[in-house]
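Everything below concerns the one structure shown next.
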Amino acid sequence: MNFFSDIILMLDSSVRLAVPILLAALAGLYSERSGIVDIGLEGKMLGAAFAAAAVAAVTGSPWLGLLAAIAVSSFMAMIHAIASINMRGNQIISGVALNFLALGATVFVGHSWFKRGGSTPNLSTEARFSPIELPFAEQLGGIPIVGEIYEQLISGHNLIVYVAFLAVPVTAWVLFRTRFGLRLRAVGENPKALDTAGISVTRLRYQALIIGGILCGLAGAYLSTGQGASFSDNMTAGRGFIALAALIFAKWKPVPVLWTCLLFGVLSAAQIRLQGVEFPLIGEVPVQAIQALPYILTVILLAGFIGRSVAPKAVGQPYIKER
Amino acid sequence: MGQDSELAIDLRGVSKAFGPVQANKNIFMPIRRNSIHGIVGENGAGKSTLMSILYGFYHADSGEIFVNGTKVQIKDSSHALELGIGMVHQHFMLVDNFTVLENIILGAEGGFLLAKSLKAARSEMERLARDYGLEVDPDALVEDLSVGQQQRVEILKALYRGAEVLILDEPTGVLTPTEADHLFKIFEQLHAQGKTIILITHKLREIMAITDSVSVMRRGEIVTTLKTSETSPDNLAELMVGRRVEMDAQKTSGDPQKKVLEVKGLSVTDELGVPRVKNVSFDVRAGEIVGIAGVAGNGQSQLLEVISGMTEPLLGEIWINGKRVEFEGAKTAAKMRHLGLAHVPEDRLKTGLVAQFEEWENSILGYSEEPKYGAGQILSHKAAREEADQRIEKFDIRPPNCRLKTANFSGGNQQKIVLAREMDRELDVLIVGQPTRGVDIGAIEFIHKQIIAMRDAGKAVLLVSVELDEIRALSDRVLVMFDGKIVTELTPEASEREFGLSMAGVDPHEEESTPVATGKVSAGAKEGVR
């Protein structure tokens, strides 16, 4: 074990830890760019994680699990859409309600279904998303540095990881290079400008929330059938909120979202590595303090270094045609 | 039907109700192609609603709409655009952090990918700019543009979508006189290129100056449609309000007494450190109205803010009733009120009112700690509401309901709420900024009378307005501001040329027409002029 492969290993686990946050943050990006506050990312992810694990456990297929995850998460996104677009309700309240709904319903359904105190059975390897070996990974692995990075860091992740990282340039392209993106950015800033141009604000916001639902579905499925092998109570553990924070930190822009999420991934990975390590002068630090490190750093970064982060102007306001 | 083909738009019996409110009632309005058609009416007369129906924003409850002689059912705004109807709203429908070009293509992108649409739009924009004199930098962010330029973007948006009929809702309400002139030049270009223009306004001078025909609306109905050449502003005003309106405020000459408000060597910088008011001195005597004229943005707002105690001056002094005002940050404004100064701010919604409050709450805003509204921290709703009811009657505020949310009052009535609060008390100095901005004719007449009544009751009145007509109608003396300085003092009877020159920074009293270099002309020094 040399220092270099230590770094590679840590980065590798950073990537794995960043994926669910990245997907959720991108989901939030679509939704908030359209002017809908999405505090329910956490709940959608949790609901999706349960659906993926449960369906994969019953059918043995991770693909059916993924489909179920997307269905559940999109369904929840539609509840949010109806509440905040059609009923013009308070978007924060609707999102918080979804979070509580997911927290309670997953355990309740899980317990009455599997009788394991809310968890789902452990999945076999076939029922999970398994690592994909990229071509020539083994052969190239012998080459120092470049080859090692390719074999250990880039190759060997499951499909959802690659989808998540691909989603970043795709989102940037959609947002800044396409008609849909232009309208999406406009509807979050000044929905009236779109309405008077003859474009349906409602339809556009629904589309944005559906995309968000799909991305949260991927994030949830990754947690329970990619990274993990079962669902457990509250397994998202606040990742949806971290994603929201990352989104604000990245000023609602896709590429900065990627860096922010990776940063959080690195902090989480470092936290795992630092557990039980003897520090000079301080000695061994309690594990709880180390575990809190990424969260504390997130708060410091968000509060201290964020600068001016201007939200889409119309975010959180229901659109009402004026008399 | 054939005989109608010279009509671009023909509305036949259009009606629209919002709940119990009949906004439009059986409207007939034929509009000839390539004409400039004006629609006048007081606030709430239904002009904007009618145009929103034509633009597909609302659906008429009944009635028929003909476009170019063909009956149409306008489904939504994109359908109206397809039919060649474009609209420039009073409050612009632009995305502030988009470029001009992005705003123009929004909703009319053409294809899924933006690059191609943006390229096409750029060359089309250049053509439109050439043809109509609509120059705007396509890559500028809208938030960096002046209001006049933003309006040009709105017009470009409509033209880019192939509008043949252009509806403009109160287009000059937010413009400086120069910008308004530019807009009228654009109208001439549009007219020359065969476009039809529908102009909604309450400024009768504009109607008289540029329209071919005019429809008068009152309480949701068309009163009449006339050829502009066959009517007069007095006639239109009477038709709008439904009774004779005194267009020119009737006032006798004033009887100025002792100096009540004295401003000495005042200089003000804004938050960015830019000098806005430069060494301004003047005084206002009891029983006179001193008007401050000038194109918007020449320091009048900053001057008002300091005199009302909202901000602090860099240099200079303000004296009220012979007492020097000590500036003490946030407390200053309240202190000035104790000294007998009342302030009607320029922007009623920003600084005069809380739109979400009920009327009576705004009626005591800033004065809520007075003992008559209850002892200590506990507010007597009853006392406040009774007083609000009295003021509603005295100032003819409609609807007469002090429990109604302020946002639901029209602009004119909101302005009256502020005026009532500030005028209906013991005071010596009244500072009024833009008293009739966005206010309809009937209310203008009323407000003007109230201001003159204050003067006749021996109060000192300082009036700041960008409406030169208003300044000339009300003031006993006029100070003209340019670039933060007082250029000169004029009598209200001074010629158009004298006003024009001084508003551009040239003192017409000086022999050679050279711009003034310093604010050396103070009202006090020129007292003997009148």
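Using r as the Cβ-Cβ distance of B:GLU317 and B:ARG219, and R0 as 35 Å, what FRET efficiency do you calculate, to the nearest 0.05?
E(calc), rounded to 0.05, equals 0.10.
Within region A:234-257, list the residues whose amide N lies under 18 Å from a label point set 7 Å along Cα→Cβ of A:PHE100.
Label zone hits: A:234, A:238, A:241.
Mind checking the mean number of beta-carbon atoms from other chains within 10 Å of the Cβ atoms in B:100-112?
Taking the mean over all residues of the peptide, I get 4.
How big is the A/B interface in buried accessible area, both sides summed, 1.4 Å probe, to the nearest 100 Å²? Let's see the in-between values first.
Working: alone 15520 and 24070 Å², together 37320 Å².
By this definition, chains A and B bury close to 2300 Å².
So, for region B:386-437, what is the accessible surface per residue at a probe of 1.4 Å, expressed in square angstrom? Intermediate results must be reported in sequence, preceding the final value.
Details: 2020 Å² over 52 residues.
Value for region B:386-437: 39 Å² per residue.
Just the ratio, please: alpha-carbon radius of gyration of region A:2-304 over 2.2 N^0.38 Å, N its number of residues. Could the numbers behind the result be given before it?
Numbers: Rg = 20.0 Å, N = 303, 2.2 N^0.38 = 19.3 Å.
That works out to 1.04 for region A:2-304.
If DNA, RNA and ligands are ignored and the probe is 1.4 Å, what is the ranking of A:PHE241, A:PHE4 by accessible area, most exposed first?
Highest to lowest solvent-accessible surface, that is A:PHE241, A:PHE4.
Per residue, how large is the accessible surface of region B:220-262? Use a 1.4 angstrom probe and give square angstrom. Don't jump to the answer; show the numbers that get you there.
Numbers: 2590 Å² over 43 residues.
Here the per-residue accessible area is 60 Å².
Ranked from highest to lowest mean number of other Cβ atoms within 10 Å per residue, what is the order of the peptides B:27-37, A:13-23?
Ranked by mean Cβ neighbours within 10 Å, highest first: A:13-23, B:27-37.
Principal axes first, then extents: for the Cα atoms of region A:111-224, list largest minus smallest coordinate on each axis, whole Å, largest first.
Each principal axis gives a Cα extent; for region A:111-224 these are 60, 49, 17 Å.
Based only on the alpha carbon positions, what is the Kirkwood hydrodynamic radius of the protein assembly as shown, in angstrom?
31.5 Å
Sum up the charges of everything whose Cβ sits under 15 Å from the Cβ of B:LYS372, counting Lys and Arg as +1 and Asp and Glu as -1, but leave B:LYS372 out.
Values: positive: B:ARG337, B:LYS382, B:ARG385, B:ARG391, B:ARG421, B:ARG425; negative: B:GLU369, B:GLU370, B:GLU386, B:GLU387, B:ASP389, B:ASP424, B:GLU426.
Charge balance in the 15 Å sphere: -1.
Which value, in nm² and rounded to one decimal, describes the direction-averaged projected area of the C-alpha convex hull of chain B?
Mean shadow area of the hull around the Cα atoms is 27.4 nm².
Give me the dipole magnitude in Debye, nearest 20, for chain B about the Cα centre, with unit charges on the beta carbon: positive for Lys and Arg, negative for Asp and Glu.
Numbers: 61 positive and 78 negative charges, 194 e Å.
My answer is approximately 940 debye.
Ranked highest first by average number of other Cβ atoms within 10 Å, how do B:150-159, B:113-122 line up?
Highest-to-lowest ranking by the protection proxy: B:150-159, B:113-122.
Quick check: at a probe of 1.4 Å, how many percent of the accessible area of chain B sits on carbon and sulfur atoms?
Roughly 49 percent of what the probe reaches on chain B is carbon or sulfur.
What accessible area per residue, rounded to a whole number of Å², is obtained for region B:92-158 using a probe radius of 1.4 Å? Write out the running numbers ahead of the final one.
Values: 2760 Å² over 67 residues.
Here the per-residue accessible area is 41 Å².
If every alpha-carbon in region B:259-520 counts as one equal scatterer, what log10 I(q)/I(0) does Debye give at q = 0.13 1/Å?
Taking Cα atoms of region B:259-520 as identical point scatterers yields -0.83.
What's the percent breakdown of Cα-Cα distances in region B:141-182 across 5 Å bins, shortest bin first?
That works out to 6, 21, 29, 24, 17, 4, in percent per bin.
What nm value, rounded to one decimal, do you get for the distance between A:ASP6 and B:LYS449 when each label is placed 7 Å out toward the C-beta?
The two pseudo-label positions are separated by 8.9 nm.
Do any residues of region A:153-178 show a loss of at least 20 square angstrom of accessible area between the isolated chain and the full protein assembly, using a 1.4 Å probe, and if so which?
Residues shielded by partner chains are A:TRP173, A:ARG177, A:THR178.
Give the relative contact order (percent, whole number) for chain B; include only Cα pairs under 8 Å separated by 6+ residues.
For chain B, the relative contact order is 14 percent.
How large are Rg and Dmax for region B:327-479 when calculated on the C-alpha trace, in angstrom?
15.2, 46
What is the percent carbon and sulfur in the accessible area of region A:2-304, measuring with a 1.4 Å probe over the protein chains and ignoring ligands?
Details: 8910 of 12770 Å².
Carbon and sulfur: 70 percent of the exposed surface of region A:2-304.
Please list the equivalent ellipsoid semi-axes of region B:119-230, computed as the square roots of five times the alpha-carbon gyration tensor eigenvalues, in descending order and whole angstrom.
Output for region B:119-230: semi-axes of 27, 15, 13 Å.
In chain B, what % of DSSP beta bridges are antiparallel (nearest 5)?
Of the beta bridges lying entirely in chain B, close to 55 percent run antiparallel.
Looking at region B:42-72, which residues lose a minimum of 30 Å² of accessible area between their chain alone and all protein chains in place, measuring with a 1.4 Å probe and not counting ligands or nucleic acids?
B:PHE57, B:TYR58
Can you compute the FRET efficiency between B:LYS350 and B:THR178 using 1/(1 + (r/R0)^6), with r the Cβ-Cβ distance and R0 = 30 Å? Round to the nearest 0.05.
0.80
Could you please state, rounded to a whole Å, how far the C-alpha centre of region B:251-265 is from the C-alpha centre of region B:186-203?
The two parts, judged by their Cα centres, are 44 Å apart.
Please report the equivalent ellipsoid semi-axes of region A:1-83, computed as sqrt(5 x eigenvalue) of the Cα gyration tensor, largest first, in whole Å. Don't jump to the answer; show the numbers that get you there.
Details: eigenvalues 174, 84, 11 Å².
Semi-axes from the Cα gyration tensor: 30, 21, 8 Å.
What Kirkwood hydrodynamic radius do you get for region A:1-154 when you take the inverse of the mean 1/r over all pairs of distinct Cα atoms, in Å? It would help to have the intermediate numbers written out before the result.
Values: mean 1/r = 0.0558 Å⁻¹.
The answer is 17.9 Å.
Given 0.36 nm per residue, what is the gain on full extension from B:GLU135 to B:ALA383 after removing their alpha carbon distance, in nm?
Result for the pair: 83.6 nm of gain on full extension.
The values are calculated or read from the model by the stated rules, or taken from the named source; none is laboratory data. All values reported here derive from a predicted model rather than from experimental measurement. Positions of Cβ are generated from backbone atoms using ideal geometry, with glycine treated the same way; all protein chains shown enter the neighbour counts. Note: areas computed on protein heavy atoms with side chains; ligands, DNA, RNA excluded. Shrake-Rupley method; radii C 1.70, N 1.55, O 1.52, S 1.80 Å.
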